[in-house]
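The values are calculated or read from the model by the stated rules, or taken from the named source; none is laboratory data. Because the structure is a prediction, the values reported are computed rather than measured. Cβ sites come from the backbone with ideal geometry, for glycine too, and all protein chains shown count toward neighbours.
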Amino acid sequence: MYDIETVGLVKMDFLGIRNLSILGQAVEIVEKTKGIKIDLIKIPFDDRRAFAILAKGETMGLFQLSGTGMTRYLKELRPSNIFDIMAMISLFRPGPMNSIPEFIKRKHNANRTSYFDPRMADYLKESYGVIVYQDDVLLTAINIAGYSWEEADKFRKAMGKKIPAEMTRQKEKFIEGCIKNGMSGEKAEELFKLIEPFAAYGFNKAHAASYAVIAYQTAYMKANYPVEFMTAVMSAESDDPDKIAAAVTECAKMGITVLPPDINFSTVGFTIEPKQAIRFGLSAIKNVGKAAIEAILSQREEKGPFKSLDDFVKRVNLRVVNRKTLESLIKAGAMDRFGKRNAMLRVLDEIKSQGTTISKTIAEGQGNLFDEVELTKQSAPSVSIAALLNSIEEAPKEEILSWERELLGLYLTEHPLAKLSERIEKIASVRIADIDPIAITQPIKIAGIIVSLRKTLTKMKKEEMCFLKLQDMTGTLEVLVFPRVYEAARSYLLTDQIVVISGKLEEGELTPVLIAESVKSIHQVEESQIEEPKGKNLEVAIPKDADRTLLSKIYQILKSSPGDNQTFLVLPGANGNPKKFQVPFGAQKTSKLAQELEMLGCRILT
């Protein structure tokens, strides 16, 4: 960047935003399925549903708003206008982030709004007196330190690019200017320290506005056209198993059914079916390429649905839809209508073991894979393919789920942790979806299933260690296991093993990373270690504007989870001090309870 500037060239960054494609596709799907034409430029910017899902933390798939930390702050802020979204996008960055709690307090309590200097009121009204944008820094330099516009831009550039010598000069100039315009030297120093993080890391207001508009548009579409929006999200993310898994989990929370892939109904991407369900696309299945999908869809369009596996292999081009593709389609459940997965796979194995191919089998059998033509190999006993299909038992549930995870990137039929959900609730200190490395500073304990694992050696001593992905019912977390812990837990550090990992969170490049301090099989954790403490308080934060109807719903949800914990409703106070009201019955803290309360805009504090 600096080299080309010296010769008079300009460096420009062009940012590709996938969410724009998602928005475009969502609009197309709505028009196709509902006949409604949506102009995203003309949508109302005061849609209550859009702001409601932000307040509830339903942010998966939203532009710039979907991280755990951002989601937590949005639930506390409960944004009510586009300016709140602009501010959060700008503040959620190194340096400015420290101002978020104060911004939230001022949003909910107008009495807290104040200005470092009265002259700053004109341009800080929308942000409740909190410095948010680079523009705020420029205007402060101009209005209080006496800078010209050109000088203010040099000031911004020096701080933004952290040029030490220039920053020293600018600090002296800024403080002198503030003193000259009636501010004390001590207060001028304080003001410089206040604006420094924003000059270095803050967004300019136009950039923040552009991002906020896209963020709001995604919230609007998700709130008002949820099935269409989630279909667009899943189609756009079909090459990322982790994001598809997160989207399927989000759909479950939203009450949207996600149907498995089906050879007669699935198309390339995710599609909407009657009763507002989303059907898995064929492109989301590993080893099923574009050419194979085209061959399948063209046959289906030309001659109608496939009637059986026999009909399928006779009609498609088997040089394109090869054995590996067939195996993947069967294991992923796309051909369940034709029989048991295990039986169909065994048929393919039998054909291979007899030294032939499906194509040759069909040719020798006058075009029928499952008639009573017997396949022989030298002196081997005769084998009836049809009889083989009928006699073979289905594979164990655990194996079927493992196939789904391998080929779809998630457990679609059933999650292997479902039968252990109550035990996991007692063991784990936090759900993966609720992990926020900023808020959580103490060691945590996570229970989940290992969905992938990569072994490696340390550089110096060449000791074995591993990186793994741990998944619970709410999400996936990266875990780093160093040699000492790896050696102690080697026997159950395997894919598909259900384990309990304790450790400390660190911020990764994109997502949090858990540094494992201990790893145990879930069966090693004794009952005495996982019993819920008796008599612990359960506090539930409720919205400030909660009415009788909402309180009645909250009571019903709490009663559906009876327990020994003394339960309190916490209402924000007018002066910033919360008020507690005890509920006349006890409740038990569970992830289901937390989810149902979140749907009403509430959250569990303890």
- Message: For THR495, only one of the following conditions fails: (1) within 19 Å of ARG405 (Cβ to Cβ); (2) out of contact with any Leu (no Cβ under 6 Å at 6 or more places or on another chain); (3) surrounded by fewer than 19 Cβ atoms within 10 Å (Cβ to Cβ). What is its number?
- Response: (2)
- Query: Can you name the residue in the stretch 255-271 that is under 21 Å from the mean Cα position of the chain (by Cα) and surrounded by 15 or more Cβ atoms within 10 Å (Cβ to Cβ) and, of all such residues, is farthest from THR231 (Cα to Cα)?
  - Reply: PRO260
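Scan the stretch 268-316 for residues that are part of a loop (DSSP other than H, G, I, E, B) and of a type in the set (A, V, I, L, M) and jot them down. If you could, list the steps in order and put the result at the bottom.
First pass over the stretch 268-316, keeping only residues part of a loop (DSSP other than H, G, I, E, B): 268-270, 274-276, 280-281, 285-289, 304-308, 316.
VAL268, ILE285, VAL288, VAL316, listed by residue number.
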- Tell me which residues, restricted to the stretch 216-226, are surrounded by 24 or more Cβ atoms within 10 Å (Cβ to Cβ) and of a type in the set (A, V, I, L, M). ALA219, MET221
- Query: For the stretch 129-152, how many residues are on the phi > 0 side of the Ramachandran plot and more than 42 Å from the chain's Cα centre (by Cα)?
  - Reply: 1
- Of everything in the stretch 454-474 that's assigned to a strand (DSSP E or B) and in contact with a Lys or Arg (Cβ under 8 Å, 6 or more places away or on another chain), which residue is farthest from LEU410 (Cα to Cα)? GLU464
- Message: Being at pLDDT below 85 and closer than 17 Å to ASP262 by Cα is true for just one of GLN299, GLN276, GLN378. Which residue is that?
- Response: GLN276
- What are the residues in the stretch 44-58 that are buried (at least 19 other Cβ atoms within 10 Å of the Cβ) and in a loop (DSSP other than H, G, I, E, B), if any? GLY57, GLU58
- Query: Is one or more of the residues making up the stretch 58-75 within 30 Å of ILE195 (Cα to Cα) and in contact with a strand residue (DSSP E or B) (Cβ under 8 Å, 6 or more places away or on another chain)?
  - Reply: yes
- Message: Tell me yes or no: at least one residue of the stretch 455-466 is closer than 18 Å to GLU507 by Cβ and surrounded by fewer than 16 Cβ atoms within 10 Å (Cβ to Cβ).
- Response: no
- Message: Quick check on my filter: what residues within the stretch 196-214 are within 17 Å of ASP46 (Cβ to Cβ), small (Gly, Ala, Ser) and surrounded by fewer than 24 Cβ atoms within 10 Å (Cβ to Cβ)?
- Response: ALA209
- Query: What do you reckon, is ALA158 surrounded by 23 or more Cβ atoms within 10 Å (Cβ to Cβ), in a helix (DSSP H, G or I) and at negative phi?
  - Reply: no
- Message: Any residue at all in the stretch 126-141 that's in a helix (DSSP H, G or I), modelled with pLDDT of 90 or more and either outside the structural domain of SER80 (by TED's automatic domain parsing) or surrounded by fewer than 18 Cβ atoms within 10 Å (Cβ to Cβ) (or both)?
- Response: no
- Note on the structure: Filter the stretch 4-38 for residues that are within 19 Å of the chain's Cα centre (by Cα) and within 19 Å of TYR225 (Cβ to Cβ); the one that is surrounded by the fewest Cβ atoms within 10 Å (Cβ to Cβ) is ARG18
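Would it be correct to say that LYS253 is modelled with pLDDT under 90 and basic (Lys, Arg)? Break it down into steps so the answer makes sense when it comes.
On the way: modelled with pLDDT under 90: yes; basic (Lys, Arg): yes.
Yes, satisfied.
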- Message: Would you confirm, using the coordinates I've provided, whether ILE41 is of a type in the set (A, V, I, L, M), loosely packed, with under 14 Cβ neighbours inside 10 Å and not in a helix (DSSP H, G or I)?
- Response: yes
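Need at least 2 residues that are charged (D, E, K, R), touching a residue at least 60 places away in the same chain (Cβ under 8 Å) and under 20 Å from PHE51 (Cβ atoms) per element, so show me which helices (runs of 4 or more DSSP H) inside the stretch 164-258 make the cut, counting only ones lying wholly within it.
Details: elements: 164-180, 185-201, 205-224, 226-236, 241-254.
So the answer is 241-254.
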- Message: Here are the criteria: (1) charged (D, E, K, R); (2) without any contact (Cβ under 8 Å) to a residue 60 or more places away in the chain; (3) touching a Phe, Trp or Tyr at 6+ places or on another chain (Cβ under 6 Å). Tell me which single one LYS154 does not satisfy.
- Response: (3)
